[in-house]
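The next block holds one structure in the form of C-alpha cells; read it before the comments.
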Amino acid sequence: MEKKNLDWSNLGFAYVKTDKRFVSNYKDGAWDEGVLTDDDQVTISECAGVLQYAQAVFEGMKAYTTEQGKIVIFRPDLNASRMADSARRLEMPVYPEEKFVQAVEDTVRANAAWVPPYGSGATLYIRPYMFGSDAVIGVKPADEYQFRVFVTPVGPYFKGGIKPLTIRVSDFDRAAPHGTGHIKAGLNYAMSLHAIVTAHAEGYDENMYLDAATRTKVEETGGANFLFVTKDGTLVTPKSESILPSITRRSLMYVAEHYLGMKTEEREVYFDEVQDFAECGLCGTAAVISPVGKVVDHGREICFPSGMTEMGPVTKKLYDTLTGIQMGHIEAPEGWIHVVE
C-alpha cells in the first residue's frame, strides 16, 4: 500500500486525523458488533455519564513498521487486559479482550497508509477508549457506553535527541491509597494537570509523586513509571497498589533479566534511597524510557552519576534492546509482537 505523503521524519507528537476509526456501542446489556467508520465526530447527550461523572477509561499503544517491512503492534493483549481491569473498577462493562485486540488490528490495517515507514523515527500511536454515553443525572454508572479506537502518526517523543530530565518532588498527591491510581482512567490524568503545568512554569520537566499515606515512598509521575539502577547494576522499580501497571515497565524488567542478565527488584522504594542510585528513568509507551538526570526536593538537588548530557549506560542498553525487539532487530519473546496481516 502506498504511504501518505507526509514528512515522516519531522512529525510532532500531536493528533493527525486518519482515514478510519472503530466504534462499538453498549446498550441493553450487550455490545454491538462495531464498525469502522470515516466519521471522527462523537455525538452524545449533554448529560452523558462521561461529562457528568468522568466515567472514561483509555489505553495507549503503538504500531511499528519493522526492518522486515511488516506492520506490528506491541503486546496488545496486555492493553486489553488492563482496560478490562480499568472498566471493572469504574463499573463499566468490559469490552471483550479478544474483540479489543481484533478492533485494534482492524483499525491499524484500515490505516496502513498512515503507519510511518521503517527508519523514519515515527510510529503509529493507537488510542482505544471507552466512556459512558447516555444521560446520567444521579450519581450512578451509565447504562450505555461507547468503545472507540483511533490512530494517529506521531514523531519521536524527544525532538533533537534524548536529554536527561530535571524533575521535582511534588507537594500534590497523584492517587489515594485504595483509590484509582492502578487503572488508566481519565480522571487520574485530569488530577495531574495542575501539577504538571506548575512544574513546567517553575522549570521542571515532570513531577515525582510520593505515596499519599506517608510521603516517604516513590510512586510514579503523572504518566510514567520509575526505573532505578543501583550502583551494582540491579534494576529496581517501585511497588505500590497506587501505581499504574505499565506494560513498558513490565517488558523492560523482562528484558533486563532475560536479555541482559541483570538482577531485578520490584519493591517499595523509599525516597531516602533515591540519592544512592546510579541511574533513573521514566518508562512509558510514548518515549519508552526518559532518562532523569536530577531530582529537586524543595531546593535540594539529587544528581545522578549518569549526568545531564545523555542516557545512563544501563538505561541505554535497556532502551536499545526493547526498541530493537519492537523494530525487528532482535528476536522477541513469544507473544510480544502482534503482526497485522
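General observations
- Residues that are assigned to a strand (DSSP E or B) and either farther than 28 Å from residue 139 by Cα or not aromatic (Phe, Trp, Tyr) (or both), drawn from region 55-100: 56, 57, 61, 62, 63, 64, 65, 71, 72, 73, 74
- Within region 199-252, the set of residues being polar (S, T, N, Q) and within 23 Å of residue 59 (Cα to Cα) comprises 207, 221, 225, 237, 240, 242, 246, 248, 251.
- All positions within region 206-257 that are under 23 Å from residue 74 (Cα atoms), without any contact (Cβ under 8 Å) to a residue 40 or more places away in the chain and hydroxyl-bearing (Ser, Thr, Tyr): 237, 246
Yes/no matrix, rows are residues, columns are (1) out of contact with any helix residue (DSSP H, G or I) (no Cβ under 9 Å at 6 or more places or on another chain); (2) among the β-branched types (Val, Ile, Thr); (3) open to solvent by less than 50 Å² (accessible area, probe 1.4 Å); (4) closer than 14 Å to residue 125 by Cα:
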| residue | (1), (2), (3), (4) |
| --- | --- |
| 5 | yes, no, no, no |
| 10 | yes, no, no, no |
| 13 | yes, no, no, yes |
| 29 | yes, no, no, no |
| 32 | yes, no, no, no |
| 37 | yes, yes, yes, no |
| 46 | yes, no, no, no |
| 51 | yes, no, no, no |
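- Scanning region 189-205 for residues being under 23 Å from residue 270 (Cα atoms) and without any contact (Cβ under 8 Å) to a residue 40 or more places away in the chain gives a total of 4.
- Checked against (1) open to solvent by less than 60 Å² (accessible area, probe 1.4 Å); (2) closer than 29 Å to residue 330 by Cα; (3) of a type outside the set (Phe, Trp, Tyr); (4) assigned to a loop (DSSP other than H, G, I, E, B), residue 261 meets all criteria but (1).
- Remark: pairs (first residue in region 154-182, farther than 22 Å from residue 201 by Cα and modelled with pLDDT under 95; second residue open to solvent by 70 Å² or more (accessible area, probe 1.4 Å) and not in a loop (DSSP other than H, G, I, E, B); Cβ separation under 7 Å; 6+ apart in sequence or on different chains) = 155/10.
- Qualifying residue in region 56-69 (condition: of a type in the set (Ser, Thr, Tyr), free of Cβ contacts under 8 Å to residues at least 40 places away in the same chain and open to solvent by 10 Å² or more (accessible area, probe 1.4 Å)): no
- Considering residues of region 156-200 that are open to solvent by 90 Å² or more (accessible area, probe 1.4 Å) and not in a loop (DSSP other than H, G, I, E, B) only, the residue nearest to residue 219 (Cα to Cα): 191
- Residue within region 248-271 that is of a type in the set (A, V, I, L, M, F, W, C) and within 30 Å of residue 131 (Cβ to Cβ) present: no
- Which numbered condition residue 246 misses (of (1) of a type in the set (Ser, Thr, Tyr); (2) touching an Asp or Glu at 6+ places or on another chain (Cβ under 6 Å); (3) within 17 Å of residue 86 (Cβ to Cβ)): (2)
- Any hit, region 210-218, residues being open to solvent by 40 Å² or more (accessible area, probe 1.4 Å), at pLDDT 95 or above, outside any strand (DSSP E or B) and among the acidic types (Asp, Glu): no
- Filtered by the rule that a residue be touching a residue at least 40 places away in the same chain (Cβ under 8 Å) and open to solvent by 80 Å² or more (accessible area, probe 1.4 Å), region 306-323 gives 308, 309, 310, 317.
- Boolean, residue 293 is without any contact (Cβ under 8 Å) to a residue 12 or more places away in the chain, open to solvent by less than 60 Å² (accessible area, probe 1.4 Å) and under 29 Å from residue 121 (Cα atoms): no
Yes/no per residue for (1) within 17 Å of the chain's Cα centre (by Cα); (2) in a loop (DSSP other than H, G, I, E, B); (3) under 17 Å from residue 167 (Cα atoms):
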| residue | (1), (2), (3) |
| --- | --- |
| 226 | yes, no, yes |
| 231 | no, yes, no |
| 243 | yes, yes, no |
| 249 | yes, no, no |
| 265 | no, no, no |
| 272 | no, no, yes |
| 280 | no, no, yes |
| 290 | yes, no, yes |
| 310 | no, yes, yes |
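- Selection within region 60-80 - over 16 Å from residue 153 (Cα atoms) and under 14 Å from the mean Cα position of the chain (by Cα): 75, 76, 78, 79, 80
- First in region 75-93 and free of Cβ contacts under 8 Å to residues at least 40 places away in the same chain and farther than 18 Å from residue 144 by Cβ, second anywhere and open to solvent by 10 Å² or more (accessible area, probe 1.4 Å) and part of a loop (DSSP other than H, G, I, E, B), Cβ under 7 Å, 6 or more apart: 84/94
The values are calculated or read from the model by the stated rules, or taken from the named source; none is laboratory data. Since the model is a prediction, treat every value here as computed from it, not as a measurement. All Cβ positions, even for glycine, are placed from backbone atoms using ideal geometry, and neighbour counts span all protein chains on display. Please note that ligands, DNA and RNA were not included when accessible areas were found on the heavy atoms of the full protein model with its side chains. Shrake-Rupley method; radii C 1.70, N 1.55, O 1.52, S 1.80 Å.
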